[in-house]
Amino acid sequence: MPARRANPGEDLFSVLCQVADASGGIDDDDIINQMIFLLMAAHDTTTSTVTSIVFELGRDPRWQARLREQCLELGPTPTIAEIEDVADLDLVMKETLRLHPPVPVLARRAVKDTEVLGVPIPKGRFVAIMPMLSHHLPEYWTDPEIFDPARFSPERREDKSHRFAWEPFGGGVHKCLGMVFANMESKLVLSALLRNFEWSVPLDYVPPMRNDSLPYPIDGLPVDLRPLD
C-alpha cells in the first residue's frame, strides 16, 4: 500500500488507496479485505460454471465443434473484445447456468408483508429463492431438461418468459455485481480450451453431486481430454 500511494497506477488497488486517503471513510484493513474479496470471490462459482460447460459440451460434439470453429477463427491470441463477440459462447454459458446454477438457492428477506400462492410471508421473514427449481419449470422453458443453447437466441429468448425465469446471478437490485466479470473469466477459459483441446464425456455418465457448499461432482468429473492435432 505505501508503494501504491507513492506511485499510483490506474488499477483498482491504486484507486482504493487514493480514495481511502481522500475520504477517510475506509482504512487499510478495509482495502486489504476488499482486495482479498476481489481476488477470491467468484472463483468457486466460475470453476463450477466452467466445469458444467465442459460437461455439457463433452456430451454435445455438435455444439463443441461449432464453438471451436468460431474460436479458432479468432487466431491464437484473441482479445477479450473478440471473445465477447462470439455470440454462441454466450448462448452456451447461459444454457449451462440454467441447467446447473452454481448457487442453486438464494437467501432473501421480505421487505414488506406479502403473499405467495396463498402463503402469507410477513415483513422481515427469510425466504429461499431456488433457481435450480425455476430454471427447470416447463411453463417457462421448452423441454427444460434438454441442453439447448438456442433457447437464448434472439429468435426464441425463452428467458424472457418471466422476469425471473433465468436468475443464476439473482435478479432485480440484488443481482450479483460480479456477473460481467464472471462471464468474461469463464469465456476466456472456455475459448482457450476450445482452441487447444477436444473432449468427450460418456452420454450415460451422471455426475455424483455433493452440495456441502456449492454443487460439485465428487468424482472430479472424468473427461476424455485430447490435444488438437
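The table below lists the values:
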| read-out | value |
| --- | --- |
| First in segment 54-72 and over 18 Å from residue 151 (Cβ atoms) and open to solvent by less than 20 Å² (accessible area, probe 1.4 Å), second anywhere and in a helix (DSSP H, G or I) and among the hydroxyl-bearing types (Ser, Thr, Tyr), Cβ under 7 Å, 6 or more apart | 71/191 |
| Residues of segment 148-158 classified as assigned to a helix (DSSP H, G or I) and either charged (D, E, K, R) or surrounded by fewer than 17 Cβ atoms within 10 Å (Cβ to Cβ) (or both), total | 3 |
| Residue match in segment 105-113 (condition: open to solvent by less than 40 Å² (accessible area, probe 1.4 Å) and within 30 Å of residue 210 (Cβ to Cβ)) | yes |
| Residue identified as assigned to a loop (DSSP other than H, G, I, E, B), surrounded by 11 or more Cβ atoms within 10 Å (Cβ to Cβ) and in contact (Cβ under 8 Å) with a residue 60 or more places away in the chain among 203, 214 | 214 |
| Top-ranked residue in segment 73-88 [being in contact (Cβ under 8 Å) with a residue 60 or more places away in the chain and part of a helix (DSSP H, G or I); ranked as farthest from residue 188 (Cα to Cα)] | 88 |
| Qualifying residues in segment 131-147 (those that are exposed (fewer than 14 other Cβ atoms within 10 Å of the Cβ) and out of contact with any Lys or Arg (no Cβ under 7 Å at 6 or more places or on another chain)) - the one nearest to residue 57 (Cα to Cα) | 146 |
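The values are calculated or read from the model by the stated rules, or taken from the named source; none is laboratory data. Keep in mind it's a predicted model, so treat the numbers as computed, not measured. Note that each Cβ is placed from the backbone with ideal geometry, even for glycine, and that neighbours are counted across all protein chains shown. When the accessible area is computed, the model is the full protein with side chains, heavy atoms only, and any ligands, DNA or RNA have been set aside. Shrake-Rupley method; radii C 1.70, N 1.55, O 1.52, S 1.80 Å.
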